[in-house]
1. Select from G263, G306, G122 the residue whose mean-square fluctuation is largest in a Gaussian network model of the chain (Cα-Cα springs shorter than 10 Å).
2. What are the ³J(HN,Hα) couplings of region 133-147, residue after residue, when phi is run through the Karplus curve with 6.51, -1.76, 1.60 and θ = phi - 60°? Round to Hz, x for glycine and proline.
3. In the Gaussian network model of the chain, springs joining C-alpha atoms below 10 Å, which of L296, L36, L112 carries the largest mean-square fluctuation?
4. Please report how far the C-alpha centroid of region 302-324 lies from that of region 60-105, rounded to the nearest whole angstrom.
5. Per residue of region 126-132, what does 6.51 cos²θ - 1.76 cosθ + 1.60 with θ = phi - 60° give for ³J(HN,Hα)? Whole Hz please, x for Gly and Pro, Karplus curve as stated.
6. Using alpha carbon coordinates only, what is the Rg to Rh ratio of region 80-125, with Rh defined as the Kirkwood radius?
7. List every residue whose amide H lies under 5 Å from the amide H of V19, counting only residues 5 or more places away in sequence or on a different chain, with H placed 1.01 Å from N in the peptide plane.
8. Quick one: which residues, 5 or more positions from L47 or on another chain, have an amide H under 5 Å from its amide H? H modelled 1.01 Å from N in the peptide plane, none for Pro or chain starts.
Amino acid sequence: MIEKKDFPLLRYNTFGIDVTAARFIEYDSVDELRELITGARFSEPFLHIGGGSNLLFLNNYYEGTVLHSNIKTIEVTDEDSCAVRLKVGSGVAWDDFVAHCVKRNLYGVENLSLIPGEVGAGAVQNIGAYGVEAKDLITEVHTIDTEGRERIYSHADCRFAYRYSIFKEPSSKGVIVTYVCFRLSKQESYTLGYGTVRKELEDYPAVTPGAVREVIIRIRNSKLPDPAVLGNAGSFFMNPVVPKTTFEAIRRDHPSMPFYPMGEDSIKIPAGWLIEQSGWKGKSFGPAAVHDKQALVVVNKGGATGRDIIALSDAVRRSVKEKFGIDIHPEVKTIC
């Protein structure tokens, strides 16, 4: 276990916000975590973080304890001719987990390549890309709460939806994810209908998990800035899901608008397209800006505070609302 006071969180938030935590603790096991949170030294407020790829700190000092998991095991719990079940520590880097699966020719997770962050946070957020979401692979989530009680949440218990799980509810604030269990297929199966994935795979002699991973990484690198160079949290906004009637009304004026059906009565519209059509792509707002290659991404050009980022976000949201009558919402979690 590592414990430090007045700890700089620059490497634990990909926006590159210069923020300090009053106390930072990294634990290596569930036993260490239980001992910590049930002991006399533990007090609220506390914040549990992963890689910090979905966080936006509004102040330069966090007056509480930041917890971070260093549980980094990947264990096979069951296997048959069709599938493998894996129990993965919450502190495993998400892309390391994807690489692990692809190397073993396990199918299902390759579309989620290069997503930043860690496995525990990936389950909380139900991360997704290119037609695949974490919920499609998760079978259960192991947790412990601040009373030291362990619980295993079934897939149904997690109540997964688009960028949502029960762990995002205020009632789950004291619940900490320790392990996430996945089912990966041994049988060939791909999701290739999003973006240019299928087209770019034509350059490969065969479709394999490794080939799909290479294509996804190439696409993401062409559109998304490297946080080490330009601070960002990836997709800043969630894609809005609107009633079919709302979509049809907008499409009459914008027939080229891209869209994705979500059941019979709902349509998902790319927020990046809405933002670009509202004139924000590449536009700066002080030291914050909308990325010039992907309008879904908000970047820190250098020296931006969390409040600078929020000011830009609010301006973008107003423009989209005025032009399309649609509310778009940030995907990132703001921390005061």
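Read-outs throughout are calculated quantities, based only on the coordinates presented, and are distinct from any laboratory measurement. Small disclaimer: the values here were computed from a predicted structure and weren't measured. Glycine gets a Cβ as well: all are built from the backbone with ideal geometry, and neighbour counts include every protein chain shown.
1. G263
2. Result, ordered by residue: 10, 4, 4, 5, 10, 6, 9, 6, 10, 9, 9, 9, 9, 6, 9 Hz.
3. L36
4. One Cα centre to the other: 33 Å.
5. 6, 4, x, 6, 6, x, 10
6. Working: Rg = 10.6 Å, Rh = 11.0 Å.
Here the Rg-to-Rh quotient is 0.96.
7. Answer set, sorted by chain and number: L9, L10.
8. Amide H to amide H, under 5 Å and 5 or more residues apart or across chains, L47 pairs with T65, V66, L67.
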